[in-house]
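Comments concern the structure below.
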Amino acid sequence: MFEDASWTSTLFLILALGLALGFEFVNGFHDTANAVATVIYTNALRPTVAVVWSGIWNFLGVLSSSGAVAFGVLALLPVELILNVGSAAGFAMVFSLLLSAIIWNLGTWYLGLPASSSHTLIGSIMGVGMANAMMKEGSRFGDGVSWSKAQEVGISLLASPVVGFVCAFGLLLAMKHFIKREDLYRDPRPGHPPPTWIRGILILTCTGVSFAHGSNDGQKGMGLILLILIGILPGTYALDLAATQPSLERIVVTAQPASRILAGYAANAPVATRAPADEISAFLKTKQPPDSRVFLALSQVTAGIAATLNGKRAVTDLDQPARSLLRSNIYLVTESISRLVDRKQLQPAERATLEDFRSTLNPLTKYIPFWVKVAVALALGLGTMIGWERVVITVGEKIGQSHLTYAQGAASEFVAATTIAAADVAGLPVSTTHVLSSAVAGTMTANGSGLQMNTVRNLALAWLLTMPVCVFLGALLFALGLNIVVGLGLR
């Protein structure tokens, strides 16, 4: 596994993996505190039991995750850094992303503010992309960021708190209309647990939020860890070594019609002035529609993928340079097909053929090693059990002007769990913190309890500042990190 790694690369691998797991550990006590706030403040579970229970379900949520969110976040990274993650710039990228996210998360946790780890990481990614582009001649402000992907993720991050507020508001009103139990809507008695059936609902919704949080938020660390492993140990992690011979044969079969379709759009293409991979990479960095040269390059790279895998029984039949090159080519083709499909430039039958080809390619590169899932699950689960109290107090006591009731706790948790689970299915990152905090605010408003405006202002300020601050931190640390890794001899 380590045969291609120098001592400096091995040192950086240990440091980067430590930072990645540290990010998930901080994420555990920073974000998952929201999941246990309602059961603690309604006396459904004692604090120690609640955090251990939540930690266990975060662990299970991570293990069950699909990886779609992980690769959705990675799609925001600059194309050239993805393709050259083992370079000095690639190492600096990973270092700056993780460190800026940890700094902001620890700062907001210390102040007891439920800020978003999702916003933190995505802001850092945008900062790295901008800084990487601005270091090059002829670049413009904003280059280096996949704005279409950023828009997609941004909409999910902006919409989810609104969904949390509105749905929790409506659900509590519906509960009051259909469930005529006055004890549901009173302040819990100190030291007295709720009735058994209410307690069961509260524990169930806490479990749902914890599981959904693990499944969604845990994937962000997984994606970064995989990126680290690909950069330092490409021979082992560039491609899924467990890929079967039938899956490789399927890629070869689906590549042939895909290549013909792409070649059909390359008629009268001018003489190429750069390599096919460079042509595609340049296309992915812009918002321009593909021209005939791009289609020709895509057709050639697609045919090259088929030729590389033709007759191979396993990925191990390829040497390390061939694996790295194949991963880069698959990335270029799959991202380009996604762009073509989004632009609706293809006929329905052509689109179906290319999407089928993309679906056969994805498992070869978009996979998460099981040990990575276990490591992230442990870090997130253990983090949940430590340092939770600051954020819990804010959610349970400082959002509304009255104590959290049983009905408010259940409604808030149910809405948060379903919203996060839906985002997980869609492969979109959302903020557990913002969804649950807004859901609690929605129930307080529906109950006529009123909101503590100082807390609301602080939450809104943290929500507004997280993205720009992390863009700045990501850019600054990327520049510093680039100098550090170059000094260590990682080029």
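The values are calculated or read from the model by the stated rules, or taken from the named source; none is laboratory data. Bear in mind the structure is a predicted one, so any value in this text is a computation, not a measurement. Methodologically, a virtual Cβ is constructed for each residue, glycine included, from the backbone with ideal geometry; neighbour enumeration extends over all protein chains shown.
Only one residue in Leu354, Leu346, Leu364 is more than 20 Å from the chain's Cα centre (by Cα) and closer than 20 Å to Leu309 by Cα. Which one?
Leu354
Would you be able to tell me the number of residues in the stretch 294-337 that are over 23 Å from Pro234 (Cα atoms) and either out of contact with any helix residue (DSSP H, G or I) (no Cβ under 6 Å at 6 or more places or on another chain) or assigned to a loop (DSSP other than H, G, I, E, B) (or both)?
Residues meeting the conditions: 1.
Only residues that are part of a helix (DSSP H, G or I) and either touching a Lys or Arg at 6+ places or on another chain (Cβ under 7 Å) or among the polar types (S, T, N, Q) (or both): list them for the stretch 403-437, please. Walk me through it before giving the result.
Our first condition is that a residue be part of a helix (DSSP H, G or I); within the stretch 403-437, this holds for 406-426, 432-437.
Selection gives Gln408, Ser412, Thr418, Thr419, Thr432, Thr433, Ser437.
If only one of Ala70, Ala44 is part of a loop (DSSP other than H, G, I, E, B) and in contact with a Leu (Cβ under 8 Å, 6 or more places away or on another chain), which one is it?
Ala44
Quick check, is Lys312 surrounded by fewer than 21 Cβ atoms within 10 Å (Cβ to Cβ), under 24 Å from Pro78 (Cα atoms) and either touching a residue at least 12 places away in the same chain (Cβ under 8 Å) or not assigned by TED's automatic domain parsing to the domain that holds Leu83 (or both)?
Here the answer is no, as Lys312 does not meet what is asked.
Consider Leu262 carefully, then state whether it is assigned by TED's automatic domain parsing to the domain that holds Leu11 and buried (at least 23 other Cβ atoms within 10 Å of the Cβ).
When the stated conditions are applied, Leu262 does not pass them.
So which residues in the stretch 261-286 are in contact (Cβ under 8 Å) with a residue 24 or more places away in the chain, of a type in the set (Gly, Ala, Ser) and more than 23 Å from Ala349 (Cα to Cα)?
If the condition is that a residue be in contact (Cβ under 8 Å) with a residue 24 or more places away in the chain, of a type in the set (Gly, Ala, Ser) and more than 23 Å from Ala349 (Cα to Cα), then Ala269, Ala272, Ala277, Ser281 are the ones that fit.
Checking the conditions here, which among Arg293, Arg351, Arg339 is under 27 Å from Met222 (Cα atoms) and either surrounded by 16 or more Cβ atoms within 10 Å (Cβ to Cβ) or touching a Gly at 6+ places or on another chain (Cβ under 7 Å) (or both)?
Checking each option against the conditions leaves just Arg339.
Check Ala417, Ala422 and return the single one that is in the same structural domain as Val73 (by TED's automatic domain parsing), of a type outside the set (Lys, Arg) and without any contact (Cβ under 8 Å) to a residue 40 or more places away in the chain. Outline the logic, then answer.
Details: Ala417 fails: without any contact (Cβ under 8 Å) to a residue 40 or more places away in the chain.
The unique qualifying residue is Ala422.
For Asn105, state whether it is touching a helix residue (DSSP H, G or I) at 6+ places or on another chain (Cβ under 8 Å), at pLDDT below 80, in a helix (DSSP H, G or I) and in the same structural domain as Ala422 (by TED's automatic domain parsing).
no
Closer than 21 Å to Leu224 by Cβ, at pLDDT below 75, touching a Ser or Thr at 6+ places or on another chain (Cβ under 6 Å) and crowded, with 24+ Cβ neighbours inside 10 Å: does that describe Ser116?
Yes, satisfied.
Could you list all residues from the stretch 42-61 that are under 19 Å from Ala375 (Cα atoms) and either surrounded by fewer than 22 Cβ atoms within 10 Å (Cβ to Cβ) or in contact with a Lys or Arg (Cβ under 6 Å, 6 or more places away or on another chain) (or both)?
Once the filter is applied, which keeps residues that are under 19 Å from Ala375 (Cα atoms) and either surrounded by fewer than 22 Cβ atoms within 10 Å (Cβ to Cβ) or in contact with a Lys or Arg (Cβ under 6 Å, 6 or more places away or on another chain) (or both), the stretch 42-61 yields Val52, Trp53, Ile56, Leu60.
Return only the number of the condition from (1) in a helix (DSSP H, G or I); (2) surrounded by fewer than 16 Cβ atoms within 10 Å (Cβ to Cβ) that Gly448 does not satisfy.
Against the list (1) in a helix (DSSP H, G or I); (2) surrounded by fewer than 16 Cβ atoms within 10 Å (Cβ to Cβ), Gly448 comes up short only on (1).
Identify, by number, the condition in (1) within 21 Å of Leu459 (Cβ to Cβ); (2) touching a residue at least 24 places away in the same chain (Cβ under 8 Å); (3) not aliphatic (A, V, I, L, M) that Gly107 doesn't meet.
(2)
Scan Thr419, Thr433, Thr466 and give me the residue that is under 21 Å from the mean Cα position of the chain (by Cα), crowded, with 24+ Cβ neighbours inside 10 Å and at pLDDT below 80.
Of Thr419, Thr433, Thr466, the one residue that is under 21 Å from the mean Cα position of the chain (by Cα), crowded, with 24+ Cβ neighbours inside 10 Å and at pLDDT below 80 is Thr433.
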